[in-house]
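A quick write-up on the structure given underneath.
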Amino acid sequence: MAIDRDFSIKQRGKLGEQYTCEYLKQHGYNIIKTNYTSRFGEIDIIAENDKYIVFTEVKTANPNSFTKGFERITKSKIRKFTKTAVTYLTRYRIAKQPRIDCAEVIVNEKDNSLIDIHYIENAVDDWGYY
């Protein structure tokens, strides 16, 4: 039973990332990479527009979740995420202004249709706080 639940959670997470990619495209961003990994961790979506390179953490939930998506972003996760973003910037020598954003995607439990996206630009400050 746990295997099915884990598979369902993974699939729902991927779906949330897809919805967030569409959201970003609708707001003028080009998707550069999804699921970028370094030795420090993973970044769900890397996108850019004329001014910014954006590193986005996506949390997907159903409307009846006990905790909201943003509540599941821990300080440890932010540290790993930030280190991974710096690794990417260093590796590819990006000249654009970096920004860390967070997306909470709410999907319907029954059919996985999109209910809402809550998107926070510049969600992590210079000191690594959310």
Residues that are among the polar types (S, T, N, Q) and over 18 Å from residue 29 (Cα atoms), drawn from the stretch 88-114:
90, 108, 112, 113
Scan the stretch 103-126 and report the pairs whose first residue is surrounded by 12 or more Cβ atoms within 10 Å (Cβ to Cβ) and whose second residue is of a type in the set (Ser, Thr, Tyr) and assigned to a strand (DSSP E or B), with Cβ atoms within less than 7 Å and a gap of 6+ or a chain change.
103/56; 103/119; 105/60; 107/60
Restricting attention to the stretch 38-60, the residues that are assigned to a strand (DSSP E or B) and within 13 Å of the chain's Cα centre (by Cα) number exactly 13
Please find, among 106, 100, 94, the residue that is under 18 Å from residue 38 (Cα atoms), at pLDDT 90 or above and not charged (D, E, K, R).
100
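The values are calculated or read from the model by the stated rules, or taken from the named source; none is laboratory data. Note that the structure is a prediction, hence the values are computed from the model and not measured. Counting neighbours? That spans all protein chains shown, and the Cβs are built from the backbone with ideal geometry, glycine included.
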